[in-house]
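**Q** Before I ask anything, here is the structure I am working with.
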Amino acid sequence: MTKCQYCGFTNKPDTKICKKCNKPLVLEPLWKPDIKWYLKVLGLIYLVLIGLFFLLNYLLRPYMRKLPSEITPWLERNEQVK
């Protein structure tokens, strides 16, 4: 049984409007996010991901292997590729 928050009348569980006072039994959300909130949250997530990328790159640098120049000749700056 659903109780009305306005008049206290007990309604059936599947009703959406109070039988006594005709007010909605469904509560409206207190806050609806707008586009500025979404942009702020997405920007913050983006900055955190970029920060984590550079932090992990810095911390894991000793464990990264270096490829020999024979395998990756296009990465060499000083030598001319024949």
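**Q** Tally time: how many residues in segment 1-47 are assigned to a helix (DSSP H, G or I) and either touching a Lys or Arg at 6+ places or on another chain (Cβ under 8 Å) or not basic (Lys, Arg) (or both)?
**A** Number of matching residues: 11.
**Q** Any residue at all in segment 53-73 that is surrounded by 11 or more Cβ atoms within 10 Å (Cβ to Cβ), part of a helix (DSSP H, G or I) and hydrophobic (A, V, I, L, M, F, W, C)?
**A** Among the residues of segment 53-73, not one is surrounded by 11 or more Cβ atoms within 10 Å (Cβ to Cβ), part of a helix (DSSP H, G or I) and hydrophobic (A, V, I, L, M, F, W, C), which makes the answer no.
Each reported figure results from applying straightforward, stated rules to the coordinates on display, with no laboratory input. A quick note: this is a predicted structure, and the numbers were derived from the prediction, not measured. Note that each Cβ is placed from the backbone with ideal geometry, even for glycine, and that neighbours are counted across all protein chains shown.
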